[in-house]
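Bear in mind that the values in this text are calculations on the coordinates, not laboratory data. Note that this is a predicted model, so its numbers are computed, not measured. All Cβ positions, glycine included, derive from the backbone under ideal geometry; neighbour counts span all protein chains shown.
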Amino acid sequence: MKADPEVIIRIIQEANTKIDFDSFNEEADLRDIGADSLDMMTIILEVQTKYDLEIPDEQIENLTSVSKICRYING
Amino acid sequence: MIGIKEIASYIPERVRDNIQLAAKFGKGSDFIRERIGAIYLPIKEPEMNTSDMACRAIENLLNKSGVGKDEIGCLVLCTQNPDGRGLPHTAAIVQEKLELPRALAAFDISLGCSGYVYGINIVKGFMDSADLKIGVLVTSDPYSKIIDSKDPTTVMLFGDAASATLLVREDSILEIKKSLYGTDGRGSIHLINDGGRLHMNGRQVFNFAATTVPHLVENLLDEEKMEISDIDQFLFHQGSRYIVETLIRRLKLDTKKVPLKMEKTGNTVSSSIPLILENSIQEPRVRNILIAGFGVGWSWGGMILTRKQK
């Protein structure tokens, strides 16, 4: 399944994180707009669940924005 | 029918201030209150051993229930941090320290955060097959023995506590209904005692809990032909506030039905469920309780307990 930024954004909205959506855009580093390490774990978990894939620990540090997450999934 | 009659606990008086500790790692009080959920962590005195904590919990249980030492037929102790190196088993040390009868079946079981759920069925099964009237399940797993004080992943999470649960053949309060268990040894590398120090991969523990426990709850309810609305309380292992809240969100549960009780205890491993159940058993309005333990192994177990009709 190809990743759609709109789907990733919806996942983030439903993940009940501390992200400030007023400052949100697809390129924004989620950690700069309020996400802490636990929020990032939740977002990546929900992405894994949605796209039925397993993202290795060493990739997590790179997946910090919607666009980066989409690029990773779409290879 | 064998069921649960009483629960007691022991929580060490010495506490660590988790907010002060968090500041050393550059974390604010919000992180402790909203994410970890433990403001204080009870830590046993250095000279106190696993068996001593177990003895205190059993003494509290005997005082509370009025059961005499001579009446106990079996004692099952759940720990992965036993006295010494586990030889002899801690349950035997407890038998000697408390002067329990020699006609006592006493043994340890090695499980972490799923241990209470497993332990209930182990004691029930042993009592049933050995035709015993009274059994006691003890949880005593002081992680302070293996915590690395420089490791922020674990040092702000775990507290020491012990519990003792009385199982009886007659006059029980909670009936033991359906239970389900699981194991996935692929998780064994993510939560491990490596040379006397606890190592935890927080992300993997979180992923395991957030994905496995909702299925466990759903399967348990399906097998008992029950709905979420039939359960009055969901007692999840108190891994962290964040994990419990994630389970609430993923299962779409009413927060009022999911007690969070770790502010003064932290994650007490196999003791976290009985520390809450100790209160729930006293509340007549709470009829159906679903307990779920999950952690090291990976290992998980869920069980439905139902208050007996008078």
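Points worth noting:
- Positive-end residue, chain B charge dipole about Cα centroid, Cβ charges, pick of B:GLY295, B:ALA22, B:HIS190: B:ALA22
- Sparsely packed chymotrypsin sites (Phe, Trp or Tyr not before Pro) within region A:4-51, loop by DSSP, other Cβ within 10 Å at most 12: none
- Inter-part distance where region B:258-301 and region B:104-176 are each reduced to a Cα centre, Å: 12
- Protection proxy ranking, peptides B:204-211, A:57-64, B:177-184, average beta carbon neighbours within 10 Å, highest first: B:204-211, B:177-184, A:57-64
- Shown for region B:75-214 is the translational diffusion coefficient from the Stokes-Einstein equation, using the Kirkwood radius over Cα pairs, a temperature of 20 °C and a viscosity of 1.002 mPa s: 127 µm²/s.
- The mean count of C-beta atoms from other chains within 10 Å of the C-beta of residues in A:31-44, rounded to a whole number, is 3.
- Chain A - mean residue ellipticity at 222 nm from DSSP helices (-39,500 (n - 2.57) per run, n ≥ 4, rounded to 500): -14500 deg cm²/dmol
- Kirkwood analysis of chain B, using all unique Cα-Cα pairs, places the hydrodynamic radius at 19.3 Å.
- Counting only Cα atoms, the size of region B:144-294 along its three principal axes is 45, 29, 27 Å, in decreasing order.
- Whole-number Å³ per residue for the convex hull built on Cα positions in region B:1-151: 130
- Coil-residue GluC sites (Glu not before Pro) of region B:145-251, DSSP, other Cβ within 10 Å capped at 11: B:GLU170, B:GLU227
- Binned Cα-Cα distances of region B:53-106, short to long, each 10 Å bin given as a whole percent: 24, 57, 18, 1
- Summary value for chain B: 26 percent relative contact order, contacts being C-alpha pairs under 8 angstrom separated by 6+ residues.
- Span-rule helices in chain B, defined as complete DSSP H runs reaching 30 Å or more along the axis (Cα) with Kyte mean at least 0.0: B:202-223
- Cβ crowding within 10 Å averaged over residues, with B:155-166, B:38-49 ranked highest first: B:155-166, B:38-49
- Quotient of C-alpha Rg and 2.2 N^0.38 Å, computed over region B:109-179: 1.42
- The string of couplings for region B:136-152 from the Karplus curve (6.51, -1.76, 1.60, θ = phi - 60°) is 10, 9, 10, 10, 7, 9, x, 5, 4, 5, 10, 6, 8, 5, 9, 9, x Hz, one whole number per residue in order, with x for Gly and Pro.
- Cα-based radius of gyration for region B:208-310, normalised by 2.2 N^0.38 Å, reads 1.00.
- Based on the Kirkwood approach, the hydrodynamic radius assigned to the protein assembly as shown is 21.8 Å, with every pair of different Cα atoms included.
- Shown here for region B:207-264: trypsin sites (Lys or Arg not before Pro) in loop regions (DSSP other than H, G, I, E, B) with at most 10 other Cβ atoms within 10 Å, namely B:LYS225, B:LYS252.
- Taken one residue at a time, the phi angles of region B:289-296 give Karplus couplings (6.51, -1.76, 1.60, θ = phi - 60°) of 10, 10, 10, 9, x, 7, x, 2 Hz. Gly and Pro are set to x.
- Applying the Karplus relation 6.51 cos²θ - 1.76 cosθ + 1.60 with θ = phi - 60° to region A:61-67 yields 3J(HN,Hα) values of 4, 8, 9, 10, 9, 4, 5 Hz, where x marks Gly and Pro.
- For region B:190-259, the percent of C-alpha pairs falling in each 5 Å distance bin, counted from 0 to the bin holding the largest distance, reads 3, 15, 24, 22, 14, 9, 7, 4, 1, 0.
- Dimensionless Rg/Rh of region A:5-74 - Kirkwood Rh, Rg from C-alpha atoms: 0.91
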